[in-house]
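The values are calculated or read from the model by the stated rules, or taken from the named source; none is laboratory data. If you're wondering where the values come from, they're calculated on a predicted model, not measured in any experiment. Every residue, glycine among them, receives a Cβ derived from its backbone with ideal geometry; neighbour counts consider all protein chains shown. These area figures cover heavy atoms from the full protein model, side chains too; ligands, DNA and RNA do not enter into them. Shrake-Rupley method; radii C 1.70, N 1.55, O 1.52, S 1.80 Å.
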Amino acid sequence: MQTGTAHYEAGRYEESYKQFLEAGSHDHAEALHYLGRHHDFGQGVSQDFSLAADYYRRAHQLGFARSTNNLGLLYLEGRGVPKDPEKAITLFAEAADKDVPQASYNLGTIYENRKNHEIARGHFRKAALEGHTAAQVTIGKYLISGTGGPQDFQEGRRFTRMAAEEGEVIAQYNMGLIHANGWGVDKSSQAAFEWHSKAAAQGHVDAQYTVANHYYHGDGTRKDFQKAAQWYQRAAAKGHKVAKHNMGILYRNGQGVAQHPRLAFRWFRQAAEDEYGPAQYMVGVSYLRGAGVVRDLKRAQRWCQRAEGNGVREAAQCISDARNELARLARPRPNREGRQPDKQSDLADWLTAAAAVIGGIALMDALTDDAPSTVPSGSCADKARQRIGACEIETDYSTCTASGCDNKITCYDSQDGGDGDQCVGFWERLATYSGGGETGTVYCDTDNPDNYDEDIDNLIAEMCR
C-alpha cells in the first residue's frame, strides 16, 4: 500500500495500480478505494465507471468513508450505476457522519440546487469547519448575504479569510469586496486593492478588471493609467466585455496608451459584439463622427439602435442625428451640369471627383451599405483595391511576417502594450501598406471575416485621403 501510494502521488499510475491490486486482493479498504479512482479517472488504465463503482462499493462495505462519498457521486450522476439522487444523499450523509468534508459539501450543493438554503447552509458550515475551502467560500457568502439564515458579517468574513489565506482565488476576490463594502470591517480601499491584486495575479478575470479600476481611479493605490491599461487588457483577453470597452476609452483619450482612434474603435467594436450597450453606443457615435473608422451613417444608426435596446438612453440622440443626416444627404442635388445622377456608378464617379477636389474621402458605399463599392476604372480606389487583392494578409498568430507578400507587416502586442514584437492570438495585426506613392493602415481582423470588406473599405479610404 505504501509503495502504491508513493507511485500514485508521483503520477506513475501503471505502477501504483499493480501495487493496489496486490493490496486489494487482501481486502485492504484504502487500496480498493484507489483502484476505484484509477478506473473512475482513467489513471493508468481505461476509464470504466462500472469497475470504479465495484471497487468503491467493496471499500464502502469495509467502512472506508471516502469510497462511500465517491460511490455517492456515481449514483448522483448515473455513471457506472443507475442514476439515483436519493441513494446518493444517503451515501453522502453516511460519509459526512464520518467527517468526510467533501460529503458534507456535496450535500450542501444538492440542497442548494433544490433551493433549500437553510439545510444547505448547515452542510456547508460543517464542511467549512473541517477545512473544505470551497465550503468556506460558500458559507462565507451565505453568512454575508443572510442566505438560509441570519446575516453575520463577522462570521462570513472569518470563513472567507480562512479560504483566502489558503490561496483560494475566489475567496481572495471576495475579501476585496468585503473590505471595499465594509462588510464586518471598516471600509478600506487599500485592503480591497491588496486582496483583489492577489486574486488578479492568479488570473481571476473580475479581479483583474477591478484592479484596473483601482489604478484608473487611484482607489486604494496611486493613480496609474499605464497599469490600468495592462490590467484591462488582461481581463479583456479573457472576454471581459466592460474591460474591452474601457480599453476603447483609454485609446480614445490617450490615457496610459498612445491616443489611437482606430484602436479605440476596435475595442469598442469587440465589446459591442458582446452586447455591451455602452460600447454599442460608442461604435455608433464613432460611425456617426468618423472617429477611428470611415463615417457611415447607416451603421451609426443601427449600432445606436442596438445600444438603445440595451438601455443606453443617450443613444436616442445618436439615432436622431444619423437619421437627420441621412435625410439631408438623400435630398436631390444637381451635379455640375445641373442634372441628377440616375445611376449608382454615376454617383460613385461624382463622389470620387468631389473627394479629389476637396481632399475628403469618397464614401463609395453610400447607397449600397455593405455591398462592394463601385469605383471608376483607373481611380485611386480602383488601383488600391487591385493592389490589395493581389496581397491578402494572412499572417500566422505565432509570427509577424507574411510570406510571398511585399507589404510590410507589423504587429501590435495587446497583452502588455509592448513595442509590437509579438502577435497575439485573438487580436488584430497592424498591417502597413506601402506602394504606388500611397500609404495607409488597416487592422486585419481575420478572426471575424464578416468585417473583411469593411476593413478593406477603410484601408482604401485612408490610402486615397
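In this model, which of Lys141/Lys198; Lys18/Lys238; Lys187/Lys223 are farther than 31 Å apart at the alpha-carbon?
Details: Lys141/Lys198 19 Å; Lys18/Lys238 42 Å; Lys187/Lys223 19 Å.
Flagged as over cut-off: Lys18/Lys238.
Whole-Hz ³J(HN,Hα) for each residue in the stretch 225-234, computed from phi via Karplus 6.51 cos²θ - 1.76 cosθ + 1.60 with θ = phi - 60°, x for glycine and proline: what do you get?
Values per residue, Gly and Pro as x: 5, 5, 5, 4, 4, 4, 6, 4, 4, 5 Hz.
Would you mind counting up the charge near Ala96? Only other residues with Cβ under 10 Å from its Cβ, with Lys and Arg at +1 and Asp and Glu at -1. Don't skip to the end; give the middle numbers.
On the way: positive: Lys98, Lys126; negative: Glu94, Asp97, Asp99, Glu130.
Net local charge, Ala96 excluded: -2.
Take Asp186 and Asn113, extend 7 Å from each Cα along the Cα→Cβ direction, and tell me the distance between the two endpoints in nm.
According to this spin-label approximation, the distance is 4.5 nm.
Carbon and sulfur atoms: what percent of the 1.4 Å accessible area of the stretch 181-307 do they account for?
Numbers: 2300 of 5200 Å².
Answer for the stretch 181-307: carbon and sulfur cover 44 percent of the accessible area.
With every protein chain left in place, what is the accessible area per residue of the stretch 1-86 in square angstrom, probe 1.4 Å?
On the way: 4340 Å² over 86 residues.
So the stretch 1-86 comes to 50 Å² accessible per residue, rounded to a whole number.
Along each of the three principal axes of the Cα atoms of the stretch 48-196, give the extent in whole Å, ordering the values from largest to smallest.
The principal-axis extents, from largest down, are 54, 27, 23 Å.
Suppose all protein chains stay in the model; what accessible area per residue would a 1.4 Å probe give for the stretch 234-320, in Å²? Don't skip to the end; give the middle numbers.
Values: 3480 Å² over 87 residues.
On a per-residue basis, 40 Å².
With r as the distance between the Cβ atoms of Glu314 and Ala6 and R0 = 56 Å, compute the FRET efficiency 1/(1 + (r/R0)^6) and round to 0.05. Present the calculation step by step, with values, prior to reporting the outcome.
Numbers: r = 65 Å, r/R0 = 1.17.
Once the sixth-power term is evaluated, E becomes 0.30.
Quick check: residue separation of Gln151 and Glu15 times 0.36 nm, minus the Cα distance between them. What number comes out in nm?
Details: separation 136, 0.36 × 136 = 48.96 nm, distance 5.11 nm.
My answer for the length gained is 43.9 nm.
Taking θ = phi - 60°, what integer Hz values does the Karplus form 6.51 cos²θ - 1.76 cosθ + 1.60 yield along the stretch 72-80, in sequence order, with x for Gly and Pro?
x, 4, 5, 5, 5, 9, x, 10, x
If the convex hull of the alpha-carbon atoms of the stretch 56-100 is projected onto planes in all directions, what is the mean projected area in square nanometres? Let's see the in-between values first.
On the way: hull surface 10.2 nm².
Dividing the Cα hull surface by four gives the mean projection, 2.5 nm².
List the trypsin sites (Lys or Arg not before Pro) within the stretch 164-227 that DSSP assigns to loop and that have no more than 15 neighbouring Cβ atoms inside 10 Å. Numbers along the way, then the final one.
Details: sites: Lys187, Lys198, Arg222, Lys223, Lys227; in loops: Lys187, Arg222, Lys223.
Qualifying residues, ordered by number: Lys187, Arg222, Lys223.
GluC sites (Glu not before Pro), restricted to the stretch 153-256: which are DSSP loop and have at most 15 other Cβ atoms within 10 Å?
Values: sites: Glu155, Glu165, Glu166, Glu168, Glu194; in loops: Glu166, Glu168.
Here the GluC sites (Glu not before Pro) that fit, given the DSSP loop and packing criteria, are Glu166.
Karplus couplings for the stretch 25-39 from phi (6.51 cos²θ - 1.76 cosθ + 1.60, θ = phi - 60°), rounded to Hz, Gly and Pro as x?
5, 9, 6, 7, 4, 5, 5, 4, 4, 5, 4, x, 5, 4, 7
Taking N as the number of residues in the stretch 207-295, what is its Cα Rg relative to 2.2 N^0.38 Å? If you can, show how the numbers build up before the last one.
Values: Rg = 12.5 Å, N = 89, 2.2 N^0.38 = 12.1 Å.
That works out to 1.03 for the stretch 207-295.
Counting only Cα, what are the radius of gyration and maximum Cα-Cα distance Dmax of the stretch 131-277, in Å?
In Å, with Rg to one decimal and Dmax whole: 16.9, 52.
So what's the net charge close to Val205: Lys and Arg +1, Asp and Glu -1, counting the other residues with Cβ under 15 Å from its Cβ?
Values: positive: Lys198, Arg234, Lys238, Lys241, Lys244; negative: Asp206, Asp274.
Within the 15 Å Cβ shell, the charges total +3.
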